[in-house]
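FYI, it's all coordinate maths here, none of it is from the lab. These numbers come from a predicted model, not from an experiment. Here the Cβ positions follow ideal geometry from the backbone for every residue, glycine too, while neighbour counts run over all protein chains shown.
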Amino acid sequence: MLPPARPGMALADIDTPSLIVDLDAFERNLDRMARYIAGSKASLRAHSKTHKSPIIARQQIERGAVGVCCQKVSEAEIMVQGGIKSVLVSNEVVGQRKLERLAALARVADVAFCIDTAKNVREANDVAKRFGVQLNALVEIDVGAGRCGAAPGAPAARLASLIAEAPALRFKGLQAYYGAAQHIRAPDERKAAIERAVHLTEQTIEMLHQKALACEIVGGAGTGTFDIEGESGVYNELQAGSYVFMDADYARNESAEGSLFAEFEHALFVCTTVMSRPTDQRAIVDAGLKALAVDSGMPIVHQLPTAEYTKASDEHGVLALEGANTPPVYGEKILLIPGHCDPTVNLYDTYVCVRGLGTANPFVEALWPVAARGAVY
């Protein structure tokens, strides 16, 4: 299958729908986070589930990230193959085959994973012994997300002790990510939610200290809250991912005065073509459900604030144009800001990297593979 563009091509000539990275905005986002981390006591372990690209991961590490997070072993394998040597699977790894692949990866890279049950301790220890490696393990605690995680405090400390006693495992610390807090809109409510998570994490660390167990890593945080965890004095690894691209759903968050969050720019777009203008009030574009994730809402039409993307079917998107000052015409290319960047990225094989977006002559500078597309196992 031919790619949708080639280097040197004008933006207007890109085939659609295609996944566009605004390189200028993207690099500014990377630099903003790097400056923040340089002045923080916490490190960045950037989450690669957002971009699924060792090329982007290497740029994050060049700017000071200590490594990356993944959600799946298959993502971790692709990151290591792409030259990333420190990877945390910030998720439970369950099942013989997955644990074997993780143990094999530990022979060539610094890898870690999360545990929230004693049975997983036994299974992982058995596999690691057979492979002749020591697997790094974090206890995941549920700090409010209601997803995976042992209960904070004594239950988490008991689990950490089991890991520390397992000869083929190494206890590394805590995973304390509060995913649901990332999109709490009001900044004071968002901060209050994270402060509760910090308190639960701190209590757990104290119980670990009572068992003479040190937390080398206390990880969590995301794009919506990383500065709160970063300033807590408790977390030392921040796992923000979406900051590289931003999306329409993050744009709905309100920002506290002076927050770095407000400075991050939209850097990911889906380029689409107006394929039909059946009425003056409606345009149809060629980007629908197979081109955009809509789990977090419909995309925003970039630079056409009075046009609204109202409906998606498999291959079509409907734009309502009522009130639009300069409605798009048949054949015109427009950019959409995805509602949720992570699953949108997973729909594409290739990033079309554009330089000069917003200028008179934007052009394709590079094509990057979405190397971990479909790495969900």
ask   = Along the Cα-to-C-beta direction of residue 104, a point sits 7 Å from the Cα; which residues of the stretch 342-377 have their amide N less than 18 Å from that point?
value = 372, 375-377
key: Simple Cβ-charge dipole of the chain, Lys/Arg +1 and Asp/Glu -1, about Cα centre, in debye nearest 20   = 1240
query = What residues have an amide H closer than 5 Å to that of residue 240, excluding those fewer than 5 places away on the same chain, when H is modeled at 1.01 Å from N in the peptide plane?
reply = 45, 47
ask   = If we count every other residue with Cβ under 12 angstrom of residue 134's Cβ, Lys/Arg +1 and Asp/Glu -1, where does the sum land?
value = +3
ask   = Which angle between 0 and 90 degrees, to the nearest 10, do you get for helix 23-38 versus the longest principal axis of the chain when only C-alpha atoms count?
value = 30
ask   = When Lys and Arg each count +1 and Asp and Glu each count -1, what net charge do the other residues less than 9 Å away from residue 115, Cβ to Cβ, add up to?
value = -3
request  = Quickly estimate the mean residue ellipticity at 222 nm for the chain, helices only: each DSSP H run with n ≥ 4 gives -39500 (n - 2.57), and the total goes over all residues, rounded to 500.
outcome  = -8500 deg cm²/dmol
note = Rounded to the nearest 10, the angle in degrees between the Cα long axis of helix 154-165 and the longest principal axis of the Cα atoms of the chain comes to 70
key: Estimated dipole of the stretch 24-245 in Debye, rounded to 20 [Cβ of Lys and Arg +1, of Asp and Glu -1, Cα centre]   = 560
note = Listed with the fewest Cβ neighbours within 10 Å leading, 158, 185 appear as 185, 158
message = Could you work out the relative contact order of the stretch 133-289? I mean the mean sequence separation of Cα pairs under 8 Å and 6+ apart, divided by the number of residues, in percent.
response = 19
query = Straight-line reach from residue 119: which lysines have a Cα under 23 Å away, not including same-chain ones fewer than 8 places off?
reply = 72, 98, 129, 172, 211
ask   = If you plug each phi of the stretch 104-114 into the Karplus form 6.51 cos²θ - 1.76 cosθ + 1.60 with θ = phi - 60°, what whole-Hz ³J(HN,Hα) values come out, in order, with x for Gly and Pro?
value = 4, 5, 5, 6, 10, 8, 8, 10, 9, 8, 10
key: Pairwise centroid distance, computed over Cα atoms, of the stretch 301-377 with the stretch 103-182, Å   = 39
request  = Can you tell me the relative contact order of the chain? Whole percent, Cα pairs under 8 Å, sequence separation 6 or more.
outcome  = 21
note = For the stretch 24-245, averaging the sequence separation of alpha carbon pairs under 8 Å that lie six or more residues apart and dividing by its residue count, the contact order in percent is 20
key: Euclidean distance between Cα centres, the stretch 1-22 to the stretch 247-290, Å   = 18
request  = Place a label point 7 angstrom from the Cα of residue 206 along the Cα-to-Cβ direction, then list the residues of the stretch 146-166 whose backbone nitrogen is under 11 Å away.
outcome  = none
query = From the phi of every residue in the stretch 309-318, what ³J(HN,Hα) in whole Hz does the Karplus formula 6.51 cos²θ - 1.76 cosθ + 1.60 yield, where θ is phi - 60° and glycine or proline is x?
reply = 7, 10, 7, 10, 10, 3, 10, 10, x, 9
inquiry  = Can you give me the long-range amide H partners of residue 217? Hydrogens built in the peptide plane at 1.01 Å from N, cutoff under 5 Å, separation of 5 or more residues or another chain.
reply    = 173, 174
note = A correct Karplus calculation of ³J(HN,Hα) over the stretch 125-139, with 6.51 cos²θ - 1.76 cosθ + 1.60, θ = phi - 60°, whole Hz and x for Gly and Pro, returns 4, 4, 5, 4, 4, 5, 8, x, 10, 10, 8, 7, 9, 10, 7
request  = Calculate, in nm to one decimal, what residue 322 and residue 255 gain on full extension: separation in residues at 0.36 nm each, minus their alpha carbon distance.
outcome  = 21.1 nm
ask   = Where does helix 187-210 land angle-wise versus the long Cα axis of the chain, in degrees 0 to 90, nearest 10?
value = 20
message = How much of the pair distance distribution for the stretch 94-231 lies past 22 Å, counting alpha-carbon pairs only, in percent?
response = 40
ask   = What net charge do the residues around residue 234 carry, taking every other residue with its C-beta under 13 Å from that of residue 234, with Lys and Arg at +1 and Asp and Glu at -1?
value = -4
